[in-house]
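K.L.:
The structure that follows is given in the form of structure tokens.
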Protein chains: 2
Amino acid sequence: MMTFEVTIYVTWKNGVLDPQGAAVTESLHKLGYEGVESVSISKMMQVRLTAEKEEVEAQVTEMCEKLLANPVIEDYTFEIEEVISL
Amino acid sequence: MMTFEVTIYVTWKNGVLDPQGAAVTESLHKLGYEGVESVSISKMMQVRLTAEKEEVEAQVTEMCEKLLANPVIEDYTFEIEEVISL
């Protein structure tokens with residue numbers, strides 16, 4: 001068993017309306033930042049977990065599909081790093 | 001004036017409780033992922049904006065301080081990329 005630090009990015013699929021991003025764009029315009037064309041807000045999750053090396057990727061994919069992302073409207077990508085304890 | 005794609009990461013300061021991350025950790029445990037030690041959930045914002053090259057960095061810092069992050073409990077970092085239109 002080893003420890004891993006996984007960074008998961010959950011973003012909106014193309015064409016899906018991002019209401020939070022639209023609200024922030026409007027607020028920035030009101031604050032005078034007229035040059036802002038668009039804002040898209042996504043989630044970044046840092047997960048620390050212990051698992052067998054050959055199982056991490058499958059486990060993280062499963063966690064994304066089941067809980068962390070909504071595959072209907074969101075895409076996800078992730079990076080896995082091994083934590084070296086000294 | 002040029003167009004830039006700025007990626008802003010807004011993360012929790014060390015020691016600040018992340019209730020959403022704690023809830024997700026618990027849900028993952030309930031789903032059987034016992035190896036998960038912690039989950040930290042942050043925001044990633046992609047901002048597309050038009051500005052003078054020498055002003056982008058100052059403008060984005062200002063936007064973070066005023067609206068996008070809460071400097072009391074959140075840290076932010078960002079990357080600026082120039083958009084080349086062909």
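Please treat every number below as a calculation from the coordinates, not as lab data. Because the structure is a prediction, the values reported are computed rather than measured. When we count neighbours, we look across all protein chains shown, and the Cβ atoms used for this are built from the backbone with ideal geometry, even at glycine.
K.L.:
Considering only residues that are closer than 22 Å to A:I84 by Cα and touching a residue at least 12 places away in the same chain (Cβ under 8 Å), which ones fall in segment A:55-69?
P.N.:
Of segment A:55-69, the ones closer than 22 Å to A:I84 by Cα are A:55-60.
Scanning segment A:55-69 gives A:V56, A:E57, A:V60.
K.L.:
Output the number of residues of segment B:62-79 satisfying the condition of being in contact with a Cys (Cβ under 8 Å, 6 or more places away or on another chain) and in a helix (DSSP H, G or I).
P.N.:
0
For (1) acidic (D, E); (2) out of contact with any Ser or Thr (no Cβ under 9 Å at 6 or more places or on another chain); (3) facing another protein chain (nearest Cβ under 7 Å); (4) not in a helix (DSSP H, G or I), each residue gets a yes or a no:
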position	(1), (2), (3), (4)
A:Y9	no, no, yes, yes
A:A23	no, yes, no, no
A:E26	yes, yes, no, no
A:S38	no, no, yes, yes
A:S42	no, no, yes, yes
A:V60	no, yes, no, no
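K.L.:
Among the candidates B:E65, B:E5, B:E79, B:E55, which residue alone is of a type outside the set (S, T, N, Q), away from chain A (no Cβ under 12 Å) and farther than 30 Å from A:M2 by Cα? Walk me through how you get there before you give the answer.
P.N.:
On the way: B:E65 fails: away from chain A (no Cβ under 12 Å); B:E5 fails: away from chain A (no Cβ under 12 Å); B:E55 fails: away from chain A (no Cβ under 12 Å).
Exactly one residue qualifies, and that residue is B:E79.
K.L.:
Additional query: Please count how many residues of segment A:43-79 are farther than 22 Å from A:G21 by Cα, of a type in the set (A, V, I, L, M, F, W, C) and surrounded by fewer than 16 Cβ atoms within 10 Å (Cβ to Cβ).
P.N.:
2
K.L.:
Hey, another quick one. Name the residues in segment B:43-76 that are touching a helix residue (DSSP H, G or I) at 6+ places or on another chain (Cβ under 9 Å) and polar (S, T, N, Q), would you?
P.N.:
B:Q46
K.L.:
Which one of these is touching a residue at least 40 places away in the same chain (Cβ under 8 Å) and more than 12 Å from the chain's Cα centre (by Cα): A:E34, A:E52, A:E26?
P.N.:
On the way: A:E34 fails: touching a residue at least 40 places away in the same chain (Cβ under 8 Å); A:E26 fails: touching a residue at least 40 places away in the same chain (Cβ under 8 Å).
From the options A:E34, A:E52, A:E26, the qualifying one is A:E52.
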